[in-house]
1. Since Ala125 meets every condition but one in (1) open to solvent by 40 Å² or more (accessible area, probe 1.4 Å); (2) closer than 26 Å to Gln266 by Cα; (3) assigned to a loop (DSSP other than H, G, I, E, B), which condition does it not meet?
2. If we scan the stretch 194-213, do we find a residue that is open to solvent by less than 30 Å² (accessible area, probe 1.4 Å) and in contact with a strand residue (DSSP E or B) (Cβ under 6 Å, 6 or more places away or on another chain)?
3. Can you tell me which residues in the stretch 1-30 are within 25 Å of the chain's Cα centre (by Cα), among the hydrophobic types (A, V, I, L, M, F, W, C) and open to solvent by less than 10 Å² (accessible area, probe 1.4 Å)?
4. From the list Glu53, Glu75, Glu48, which one is within 15 Å of the ligand (Cβ to nearest atom), open to solvent by 50 Å² or more (accessible area, probe 1.4 Å) and either within 25 Å of Gly253 (Cα to Cα) or in contact (Cβ under 8 Å) with a residue 24 or more places away in the chain (or both)?
5. Only one of Glu108, Glu58, Glu72 is out of contact with any Phe, Trp or Tyr (no Cβ under 9 Å at 6 or more places or on another chain) and either farther than 26 Å from Pro139 by Cβ or among the small types (Gly, Ala, Ser) (or both). Can you tell me which?
6. Among the listed residues Pro136, Pro91, Pro110, Pro38, which satisfies the condition of being touching a Pro at 6+ places or on another chain (Cβ under 9 Å) and either open to solvent by 40 Å² or more (accessible area, probe 1.4 Å) or away from the ligand (no atom under 14 Å from the Cβ) (or both)?
7. Within the stretch 78-88, how many residues turn out to be within 8 Å of the ligand (Cβ to nearest atom) and hydrophobic (A, V, I, L, M, F, W, C)?
8. Cβ contacts < 7 Å: first residue polar (S, T, N, Q), restricted to the stretch 136-156; second residue assigned to a helix (DSSP H, G or I) and open to solvent by less than 30 Å² (accessible area, probe 1.4 Å), any location; separation 6+ or different chain. Result?
Amino acid sequence: MTQNREPIGVIGVGWVGLVTASCFAELGHPVVARDILPDKVASLARGETTIHEPGLDELLARNAERLTFTTEMAELLDAARLLFVCVDTPPTRSGDADLSRVRAVIEELPADGEHVLIMKSTVPAGTGEAIRRDRPGLPYVSCPEFLKEGTAVADFMHPDRVVIGADAGDEAASEAVAGLYEPLGGDLVRTDVASAEMIKLASNAFLATKISFVNEIANVCEEVGADVGEVARGMGLDQRIGPSFLRAGIGYGGSCFPKDLKALKQLAGNTGYHFQLLTAVIEVNELQKRRVVQKLNNHLGSLVGKKIALLGLAFKPDTDDMREASSLVLAPRLQGEGADVVAYDPVAGDAARELLEGVELRDSALAALEGADAAVLVTEWSEFATLDWSDAASRMARPLLIDGRNFLDPKKLVEAGFEYEGIGRATEGAPSTATAD
Ligand SMILES: NC(=O)c1ccc[n+]([C@@H]2O[C@H](COP(=O)([O-])OP(=O)(O)OC[C@H]3O[C@@H](n4cnc5c(N)ncnc54)[C@H](O)[C@@H]3O)[C@@H](O)[C@H]2O)c1
C-alpha cells in the first residue's frame with residue numbers, strides 16, 4: 001500500500017471508529033485511535049477485535065504497524081491533524097440526540113487552526129453551526145458515515161457516495177478530507193455543513209420508511225391473500241422504486257435507525273414542525289414486532305407455559321450488536337404472555353445474556369428447538385438457511401415456525417414437516433387463517 005500518507009486521528013473506537021481507523025490504515029495512513037475505555041484500547045492494542053464485523057480482524061492484523069490505540073488525546077493530537085470524531089450519539093429520554101460525548105471531545109481539541117474536526121458521528125442538523133460558533137479557529141467538516149454493520153468494511157472501501165460538508169472559511173479542510181476519500185471512488189457530494197447533516201438523517205429516515213411501508217403492505221397482503229414477496233419484486237423492478245429495503249419482516253432495529261428517526265422527529269418538533277410521516281413510520285415498526293405474538297396466538301391459543309424458541313437475537317445478521325434488536329421487544333412480550341423463551345444466536349449470545357432476563361440461551365439452533373412448541377426466526381443468519389429442518393421438526397413438540405424475516409423457503413419447511421408462516425407471505429400449508437387448537 002502507498003507510503004507517506006497523511007496521519008489520521010480517530011476519536012471513539014466503536015463500530016464506525018474501528019472500521020474508519022482500520023480502513024484508512026489499509027489505505028496506507030498511519031492512524032492513531034483514541035477511546036476512553038481502557039479495556040477496549042488494551043484489547044485492540046493486543047490485536048483483539050472488540051466487535052464482530054466480517055473482514056475486520058484481517059484488516060487489523062494486516063495493518064497493525066500503522067495502527068496505534070490509545071486513551072491519551074495528547075498522543076493523538078501530536079500525531080495527526082485530521083481528526084475523525086466517531087463517538088456515540090445515543091438518544092436522550094426526550095428522543096433528542098445526546099451530544100454530551102461530542103461536546104466532551106470538542107472541549108479537548110485545540111482551536112489552533114491546525115487541527116481539523118471531521119464529524120462522522122450522526123448529529124442533528126445545526127450541530128456543526130453551533131460548534132463553529134463556539135469554537136472559531138477549529139476548522140469543521142461534516143462527513144457522515146453510511147456504513148452498514150455486517151458489511152461495514154466493504155461499505156467503507158466501496159462507498160456509493162461520500163458526503164463532505166463545509167462552510168465558508170473551511171475550504172482547505174474540506175479539500176483535505178476529499179483527498180482522503182479520493183482513492184475509494186464513489187460519488188463525492190460536496191455541500192454545506194447543515195445539508196450534509198440532513199443528508200445523513202434523511203437517508204436513514206427514508207430507508208426506515210421503505211421498511212415500514214413494505215411491512216404495512218405485507219399486513220394488507222395477509223388480509224387479501226397476496227404475497228408480499230411477489231408484490232415487492234414487482235414494485236422493485238420499477239427503477240423509480242428499486243428493489244432494496246423492500247423485504248417485509250418484523251421491523252428494523254439497530255443502533256442507527258431507531259435513534260436517528262427519533263432525533264429527526266424531535267429536531268423537526270423543536271422547530272415547531274410535526275413530522276407526521278416519521279411518527280407513523282416509528283409506530284408501524286413498533287407494532288410490527290408485536291404481530292408475531294398474534295401469529296403465535298392464532299396457532300397455539302394461549303402462550304402460557306408454551307416453550308418458544310427464538311432463532312437469532314442480534315438486530316441483523318453478521319453482527320453481535322444487540323442495540324434496539326427486535327428480540328429485545330419480542331422476548332419480554334412472549335414472557336409477558338406466559339411463555340418460556342429459549343434462544344440461540346451464532347455470535348450475539350454473550351451480548352444478549354445480560355439484556356434478556358429469564359431467556360435460556362442455547363449453543364445451537366437444534367438445541368434451542370428441542371421440545372419447543374413454536375420457533376420464531378428473528379435474525380436471518382445464513383446458517384439457518386442450511387439447518388436440517390427435518391431433524392429440527394422431529395425435535396420440536398410442535399413444528400411451527402414463524403419466519404419473522406421471510407428468509408426461509410416455505411415449501412422446504414412444509415416438506416420438512418413444519419407449519420410455516422411468514423410475514424405477508426402466501427404459504428401453501430400455512431393459511432393465515434390458521435386457528436388455535
Ligand atoms: N454503528 C453504525 O452502523 C453506524 C453507521 C453510521 C453512523 N453511525 C454513527 O456513528 C456514531 C458512532 O456509532 P458507533 O456505532 O460506532 O458507536 P459505538 O457506541 O459503537 O462507539 C462509540 C465509541 O466512542 C467512545 N467514546 C465515547 N466518548 C469518547 C471520548 N470522549 N473520547 C473517545 N472515545 C469516546 C465509546 O467508548 C465507544 O467506544 C454514532 O453517532 C452513530 O449514530 C453508526
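1. (1)
2. The answer is yes; a qualifying residue exists.
3. Val10, Ile11, Val13, Leu18, Val19, Ala21, Cys23, Phe24, Ala25
4. Numbers: Glu53 fails: open to solvent by 50 Å² or more (accessible area, probe 1.4 Å); Glu48 fails: either within 25 Å of Gly253 (Cα to Cα) or in contact (Cβ under 8 Å) with a residue 24 or more places away in the chain (or both).
The unique qualifying residue is Glu75.
5. Unique residue meeting the criteria: Glu58.
6. Values: Pro136 fails: touching a Pro at 6+ places or on another chain (Cβ under 9 Å); Pro110 fails: touching a Pro at 6+ places or on another chain (Cβ under 9 Å); Pro38 fails: touching a Pro at 6+ places or on another chain (Cβ under 9 Å).
It is Pro91.
7. Initially, the stretch 78-88 is screened for residues within 8 Å of the ligand (Cβ to nearest atom), giving 86-88.
If we keep only those that are hydrophobic (A, V, I, L, M, F, W, C) too, we end up with 86-87.
Counting residues in the stretch 78-88 that are within 8 Å of the ligand (Cβ to nearest atom) and hydrophobic (A, V, I, L, M, F, W, C) gives 2.
8. Here the result reads Ser142/Gly128; Ser142/Val193; Ser142/Ala196; Ser142/Glu197, each pair linking the stretch 136-156 to a residue that is assigned to a helix (DSSP H, G or I) and open to solvent by less than 30 Å² (accessible area, probe 1.4 Å).
The values are calculated or read from the model by the stated rules, or taken from the named source; none is laboratory data. Predicted model, so just to flag it, every value in this text is computed and none were measured. Backbone-built Cβ (ideal geometry, glycine too); neighbour counts: all protein chains shown. Areas reflect the complete protein model, heavy atoms only, side chains present, ligands, DNA and RNA absent. Shrake-Rupley method; radii C 1.70, N 1.55, O 1.52, S 1.80 Å.
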